[in-house]
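Engineer: First the structure, then my questions, so here it is.
The values are calculated or read from the model by the stated rules, or taken from the named source; none is laboratory data. This is a predicted model, so every value here is computed, not measured. Cβ placement follows ideal geometry from the backbone for every residue including glycine, while neighbour counts extend to all protein chains displayed.
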């Protein structure tokens, strides 16, 4: 089994693969820093709670956009699982060629999503990740990372509403019954959800127009991606485990 780790700005998502099967996955917050022992003990307890024997884990891989947790996290995995994680970064084999003007600026999370989407669904493909930020990444039929668009995520936009305005409350992010809102909470929900749907559809159409990829597939992932994917026909697939799958594929390309 292999232990895959996606360190995002909000959450750390863990997954355990037995061959090609995702046996289990679980999350913890990434904004709260821990010591290596705290990470290790929490991981052991989470594995145990999900009926996974830590002794069966043979390898690990990490993709991170939060540098300041890495030392403790790597040390915790090494100490408590007894494996040295592969770190997604420069020099790692991915099967994706980045052809943007500044390849080193492309985050490892976006490369991992690109690998998962391209290997699983083929190209050309547009990969949408609804995380802390909403990202749109274009991969060609030949596996080239051609372009990326970055926008504020739904939670980021919602937080800006209730933190930067005096009278707007903190709300649950969900689709209201109607866009014709008649009170504050549903008004905010309508603006967030329908605004995101509109942005998503416009960007997809504009990418298809400017790239010339009329046959472009569109796949989405990320926690809030399920809500948006259900509201537009322009997204063909919602794949909640896309990032973890990308990590598994990269691990296999780099295993000794």
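Engineer: Restricting to the range 154-177, name every residue that is within 11 Å of residue 193 (Cα to Cα) and touching a residue at least 24 places away in the same chain (Cβ under 8 Å).
Structural biologist: Across the range 154-177, the qualifying residues are 154, 155, 157, 158, 173, 174, 175.
Engineer: Has the range 95-104 got at least one residue that is outside any strand (DSSP E or B) and touching a helix residue (DSSP H, G or I) at 6+ places or on another chain (Cβ under 7 Å)?
Structural biologist: So far as the range 95-104 goes, yes, one or more of its residues are outside any strand (DSSP E or B) and touching a helix residue (DSSP H, G or I) at 6+ places or on another chain (Cβ under 7 Å).
Engineer: Still on this structure: Yes or no: residue 230 under 17 Å from residue 135 (Cβ atoms) and within 20 Å of the chain's Cα centre (by Cα)?
Structural biologist: No; evaluated as a whole, the condition is false for this residue.
Engineer: Quick test of your reading of the structure: residue 138 fulfils all but one of (1) closer than 22 Å to residue 208 by Cα; (2) touching a helix residue (DSSP H, G or I) at 6+ places or on another chain (Cβ under 9 Å); (3) in a loop (DSSP other than H, G, I, E, B). Name the failing condition by number.
Structural biologist: Condition (3) is where residue 138 drops out.
Engineer: May I pose another question? Checking residue 167 against (1) touching a strand residue (DSSP E or B) at 6+ places or on another chain (Cβ under 7 Å); (2) farther than 18 Å from residue 217 by Cβ, which single condition isn't satisfied?
Structural biologist: Single failed check for residue 167: (1).
Engineer: Quick one: what pairs do we get from the range 239-250, first residue in the same structural domain as residue 17 (by TED's automatic domain parsing) and free of Cβ contacts under 8 Å to residues at least 24 places away in the same chain, second in a helix (DSSP H, G or I) and surrounded by fewer than 23 Cβ atoms within 10 Å (Cβ to Cβ), C-beta under 9 Å, 6+ apart or different chains?
Structural biologist: Pairs found: none.
Engineer: Which numbered condition trips up residue 118, out of (1) surrounded by 23 or more Cβ atoms within 10 Å (Cβ to Cβ); (2) in contact (Cβ under 8 Å) with a residue 40 or more places away in the chain?
Structural biologist: Single failed check for residue 118: (2).
Engineer: So residue 111 passes all but one of these: (1) farther than 29 Å from residue 234 by Cβ; (2) assigned to a helix (DSSP H, G or I). Which condition number does it fail?
Structural biologist: Status for residue 111: all satisfied but (1).
Engineer: Okay, next question. Name every residue in the range 31-53 that is surrounded by 13 or more Cβ atoms within 10 Å (Cβ to Cβ) and touching a strand residue (DSSP E or B) at 6+ places or on another chain (Cβ under 8 Å), in order of residue number.
Structural biologist: Matches in the range 31-53: 42, 43, 46, 47, 50, 52.
Engineer: In addition: Residues being closer than 20 Å to residue 210 by Cβ and assigned to a helix (DSSP H, G or I): count how many of those fall in the range 119-132.
Structural biologist: 0
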